[in-house]
Amino acid sequence: MRSLALLALSLIAAAAFAQPSVRVRGAISAFDGKALAVKDAGGKSFDILLVDKTEIVFAQPIALGEIKPGDFLGVTSVKRGDGTLTAYEVRRFPKPLNPGHRPFDGRDDQTMTNATVAAVVQSASGRELTLTYEGGSQKILVPENASISALVPGERSQLVPGAAVNLTMNEKREALRIQVSPAAVKPPK
């Protein structure tokens, strides 16, 4: 009984000290070397501090031809009326991260697929990726105007006004991880 009580106290203490993270997506409006100002798509502004432990990754533009079977991708897509997924952002990750297929930004017409490339083909309807993850797979069309990049180590000099960011921060508004892209990528309408 005593060990059960100690376990319960340990779990409560761990939960109390856990720092929940908050995700912010938007465009940089200012950066002074220490504090980053970001405005999200809804117009809300966030002031976020960079600390020594902040990880920065850069979305380095690449060609679709550089993506090969076995690569791990994060693909943001629009779901058309007929169920077809059309990518507007394709990112090659250095390692697998949160595999699966899910709604994106709380919208039914947008999805995020984090999965391994099974095939890259030119089909009658255009360029197509087949992605697989545990429990499923998705075929996603990649139009010519889709943003395609590889995530590589980034640096503070890439945090410039107008650059797009996808970041996580703690409750102290300290950036934990920042993914920065050269310009904001907007989903097609």
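What to note about this one:
- Residue list for the stretch 98-107, filter: surrounded by fewer than 17 Cβ atoms within 10 Å (Cβ to Cβ) and modelled with pLDDT under 90: 105, 106, 107
- Any hit, the stretch 31-47, residues being among the small types (Gly, Ala, Ser), touching a Leu at 6+ places or on another chain (Cβ under 6 Å) and open to solvent by less than 70 Å² (accessible area, probe 1.4 Å): yes
- The residue that is nearest to residue 156 (Cα to Cα), counting only those in the stretch 48-59 that are touching a Gly at 6+ places or on another chain (Cβ under 9 Å) and either buried (at least 16 other Cβ atoms within 10 Å of the Cβ) or aliphatic (A, V, I, L, M) (or both), is 56.
- Flag for residue 168 being under 13 Å from the mean Cα position of the chain (by Cα) and either touching a residue at least 24 places away in the same chain (Cβ under 8 Å) or assigned to a strand (DSSP E or B) (or both): yes
- Residue count for the stretch 127-177, restricted to those that are farther than 11 Å from residue 59 by Cβ and open to solvent by less than 20 Å² (accessible area, probe 1.4 Å): 10
- Pick from the stretch 63-97, criterion open to solvent by 40 Å² or more (accessible area, probe 1.4 Å) and in contact (Cβ under 8 Å) with a residue 60 or more places away in the chain, ranking: nearest to residue 26 (Cα to Cα): 63
- Exclusive hit being at pLDDT 90 or above, among the polar types (S, T, N, Q) and out of contact with any Pro (no Cβ under 9 Å at 6 or more places or on another chain), set 138, 110, 122: 138
- Residue list for the stretch 33-51, filter: of a type in the set (Asp, Glu) and at pLDDT below 95: 40
The values are calculated or read from the model by the stated rules, or taken from the named source; none is laboratory data. Because the structure is a prediction, the values reported are computed rather than measured. Using ideal geometry, Cβ is built from the backbone for each residue, glycine included, and neighbour counts are taken over all protein chains shown. Calculation scope for accessible area: heavy atoms of the full protein, side chains included, ligands and nucleic acids excluded. Shrake-Rupley method; radii C 1.70, N 1.55, O 1.52, S 1.80 Å.
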